[in-house]
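I have placed the structure first, in the form of structure tokens, so that the comments after it can refer back to it.
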Amino acid sequence: MKLLTEFVLKGSPITRTAQQKGERVVGGKIHHFKKKAVRDAEAVLRDQLLPYVPAEPYEGPLFLRVMWLHDKQSLTKKMATSFKTTSPDLDNMLKGLADVMTDMGFWVDDR
């Protein structure tokens, strides 16, 4: 098992996730697309992750540890003294991060 290079991303975790897709009907067929807010959130992640992209994608079993630290300024007084229990769900935040890291070539495949 390989441990990825450790790094810290500044700011609060991205709250827009890949699950938030838009759809439109073109020629009688439904087409799905990423909403602007999701594209913008992914762009922020890409900018922050760019310095850490490995020269060669990692292969084989991987260990990814993620710790989300919310900016204290963005939390209400009640939230600052307790755990965050509002949306988005942890699995959706992780999926967005993992998808961006896959697209950027951190690993061959995240399965």
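The values are calculated or read from the model by the stated rules, or taken from the named source; none is laboratory data. Small disclaimer: the values here were computed from a predicted structure and weren't measured. Quick reminder, even Gly has a Cβ in these numbers, built from the backbone with ideal geometry, and neighbours come from all protein chains shown.
Of the helices (runs of 4 or more DSSP H) lying entirely inside segment 4-111, those containing at least 1 residues that are under 11 Å from the mean Cα position of the chain (by Cα) and modelled with pLDDT of 70 or more are 36-49, 90-103.
Taking each residue of segment 2-27 that is more than 20 Å from Ala55 (Cα to Cα) and looking for partners that are modelled with pLDDT under 65 and polar (S, T, N, Q) with beta-carbon atoms closer than 6 Å, six or more apart or interchain, yields Ser12/Ser74.
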